[in-house]
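The values are calculated or read from the model by the stated rules, or taken from the named source; none is laboratory data. Everything numeric in this text was worked out from a predicted model, so none of it was measured. Cβ coordinates were reconstructed from backbone atoms using ideal geometry, including for glycine residues, and neighbour counts include every protein chain displayed. Remember, those area values only see protein heavy atoms, side chains included, never the ligands or the DNA or RNA. Shrake-Rupley method; radii C 1.70, N 1.55, O 1.52, S 1.80 Å.
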Amino acid sequence: INEGETAQLKIISVTRDGAFVDAGAERGIFMPFAEMIGRPKAGDLVRVKLYTDKSGRLAMSMKAAINVDNPKEQEIARDAERILKFIRKSNGFISEQLPPNFIQQNFRISKAAFKRALEHLFKQRVIERSGSGFKLAARED
């Protein structure tokens with residue numbers, strides 16, 4: 001993988017500051033938590049983009065790897081980020097059965113878009129099923 005390219009790569013390890021991704025280098029390349037979508041675990045395959053960080057070191061980003069040619073994918077990721085902020089402010093839980101008017105009022109999206117965003121967070125292992133909704137997934141450090 002070259003700088004600016006995206007690829008599906010394996011997480012080597014997760015630390016309290018981020019994760020190391022196997023890019024074929026002698027050592028893994030660091031991916032800070034701020035650049036992750038969800039909380040991948042060691043062994044997971046994730047889509048990442050290689051970039052140079054502010055200090056001039058190579059780093060990985062899942063957020064930058066979102067398909068810029070696919071506006072729908074970008075929209076789902078933006079909706080998921082808004083919902084994730086709400087979940088964090090709501091004691092780590094969100095009901096799957098929220099009424100459409102609540103979803104529209106709080107997230108400015110349709111019920112269908114809400115479900116797509118929840119599915120995105122679930123697939124990324126950010127949230128997990130809990131009763132009639134979802135809770136933040138336990139993070140392994």
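Of note:
- Ellipsoid semi-axes for the range 81-141, based on the Cα gyration tensor and the rule √(5λ), read 19, 11, 11 Å when sorted largest first.
- K123 versus R82: modelled label distance in nm, points set 7 Å from Cα along the beta carbon direction: 2.0
- Inter-label distance for T15 and Q74, nm, one decimal - labels placed 7 Å from Cα along Cα-to-Cβ: 3.3
- Annotation for the range 86-131: GluC sites (Glu not before Pro) lying in DSSP loop with at most 16 further Cβ atoms inside 10 Å of their Cβ are E96.
- Proximal lysine pairs, the range 1-84, alpha carbons under 17 Å, eight or more residues apart or interchain: 7
- Residue order for D17, D44, D79, D22 - accessible surface, 1.4 angstrom probe, largest first: D17, D22, D44, D79
- Sites matching trypsin sites (Lys or Arg not before Pro) across the range 1-65 that sit in DSSP coil, with at most 16 neighbouring C-beta atoms within 10 Å: R16, R27, K41, K54, R57
- Which of Q105, S61, L118, positive extreme of dipole for the range 17-123 (C-beta unit charges): Q105
- Each listed q (0.16, 0.26, 0.33 Å⁻¹) maps to a log10 I(q)/I(0) for the range 25-67, found by the Debye formula over equal Cα scatterers with no solvent: -0.40, -1.01, -1.34.
- Within the range 80-141, trypsin sites (Lys or Arg not before Pro) in DSSP loop having at most 11 other beta-carbon neighbours inside 10 Å: R108
- Ligands, DNA and RNA left out, the 1.4 Å accessible surface of the chain is 48% carbon and sulfur atoms.
- Across the alpha-carbon set of the chain, the Rg to Rh ratio works out to 1.01, Rh being the Kirkwood radius.
- Extending 7 Å from the Cα toward the beta-carbon at both E26 and K63 defines two label points whose distance is 3.1 nm.
- Within the range 1-52, the ratio Rg/Rh, alpha carbon atoms throughout and Rh by Kirkwood, equals 0.91.
- Relative contact order of the range 58-137, taken over Cα pairs closer than 8 Å and 6 or more residues apart, is 32 percent.
- Here the range 55-98 yields Rg over Rh of 1.14, to two decimals, using C-alpha coordinates and the Kirkwood radius.
- Cβ-Cβ distance of R108 and A138, R₀ of 35 Å, FRET efficiency by 1/(1 + (r/R0)^6): the value works out to about 0.70.
- Å² of accessible area per residue within the range 1-113, as computed with a 1.4 Å probe and no ligands counted: 60
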